[in-house]
Amino acid sequence: NADTDAEPQAMVGYTSALEAPPTESEPEAELCPESNVPSPSHTAQVSQITVPAAVTLPKLAQPVNQSSHSVHSSVLPEAFQPEDAKISTRSRMLMLYASPLCRIDARGPAPLPALCFEKEWKSVLKASAEAHCGPAAFAARALTSGSLQRALSPGSSVGSTILHLSAHGTPQGLVLEDGKGSAHLLNFELLQEMLALRESGQSPCELVVVNACHSSAVGQLLAESGIPHVVCCNDRVLDSWAEPFIKTFYTTLFGGSTVAAAFSTASLQLQCQPGIPREAAQCFCLLPEAAAHDGVIFPRKMGLRKPLRISSLPFEQTLPELPEDFMGRT
């Protein structure tokens, strides 16, 4: 029967038509075939077609793995690589940030307000972009007892010209991360023992900025340990106060001014802000009080500035992994 014989032939043609062209999920197979030798089944057809000269196609860009790279990777760095020996440790700025989700006491867990450390870090980078000079490299990592001790150790691979601490502060000490999303209080006695491990006369950095409430006692311990310049807060500080102060302070400092001039300029700028009481500038203090603070950390340099070095990993909350048998609520 002609109808029954034509049906298998049509099915065969339909099947071969589906298998012959490359699929849409493999565009490289269509643009860059693995072999230029035609298959035996199509030798007769190929011999009748004039094949143009081979064209070298550019290599297709590989998709970015969103699990390891963030869209804010150019803005939100994570840490310096210790093996990077091309940049001097005396030309770096390291930010240690802590914003735990809760604190746990005898009554159970209690939530803590989140800090805008990402916005604070962007203000620092913007200040560096507007200035004539400044650190050659920037980095940030979670503020834990271990990261703080490494940052305050002379000769450490994470040693920096400027150490910036952003955290909650209490009259008893600094609130750090415990690595599990909860708060860990570092009291003054532990901080003093941590600083006592360093040899006398050795300063791990030239400037420490403690952006935390009630951090004057912490700043006093840092100043007594030999750090020449310490900026801290002697009372409760709002984010709306700290943001313009930090931005103006670093812009002036990176522009080649002395530490005292940068502090005075930031204090005056804060007093001129609308909606902020003039007494807010008195919450910030520069230690040691008897020092002149007339040193220039970043002197002006003529010529083009080298590109900044910023690592690629973003800020992340330090949370523990879920257990294998964890089942969420439905």
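The values are calculated or read from the model by the stated rules, or taken from the named source; none is laboratory data. Predicted, not measured: the structure shown is a model, and the values here were computed from it. For neighbour counting, all protein chains shown are included, and Cβ atoms are generated from backbone atoms with ideal geometry for every residue, glycine included. What goes into the accessible areas is simple: the full protein's heavy atoms, side chains included, and nothing from ligands, DNA or RNA. Shrake-Rupley method; radii C 1.70, N 1.55, O 1.52, S 1.80 Å.
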Next on the checklist: Considering only residues that are in a loop (DSSP other than H, G, I, E, B) and either within 22 Å of the chain's Cα centre (by Cα) or closer than 27 Å to I246 by Cα (or both), which ones fall in the stretch 99-128?
Outcome noted: S99, P100, L101, L112, P113, A114, L115, C116
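Let's see how each residue does on (1) among the acidic types (D, E); (2) over 21 Å from A196 (Cβ atoms); (3) in contact with a His (Cβ under 6 Å, 6 or more places away or on another chain):
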| residue | (1), (2), (3) |
| --- | --- |
| S225 | no, no, no |
| C233 | no, yes, no |
| D239 | yes, yes, no |
| L253 | no, yes, no |
| A260 | no, yes, yes |
| R278 | no, yes, no |
| L287 | no, no, no |
Checklist entry - Does any residue of the stretch 233-244 turn out to be outside any strand (DSSP E or B), open to solvent by less than 40 Å² (accessible area, probe 1.4 Å), touching a residue at least 60 places away in the same chain (Cβ under 8 Å) and over 12 Å from L286 (Cβ atoms)? => result yes
Next on the checklist: Condition first: open to solvent by less than 10 Å² (accessible area, probe 1.4 Å), of a type in the set (A, V, I, L, M) and touching a residue at least 60 places away in the same chain (Cβ under 8 Å). Now tell me which residues in the stretch 169-212 satisfy that.
Outcome noted: L174, L176, L207
Checklist entry - Any chance the stretch 147-165 includes a residue that's open to solvent by 20 Å² or more (accessible area, probe 1.4 Å), in contact with a helix residue (DSSP H, G or I) (Cβ under 8 Å, 6 or more places away or on another chain), over 14 Å from L96 (Cβ atoms) and of a type in the set (S, T, N, Q)? => result yes
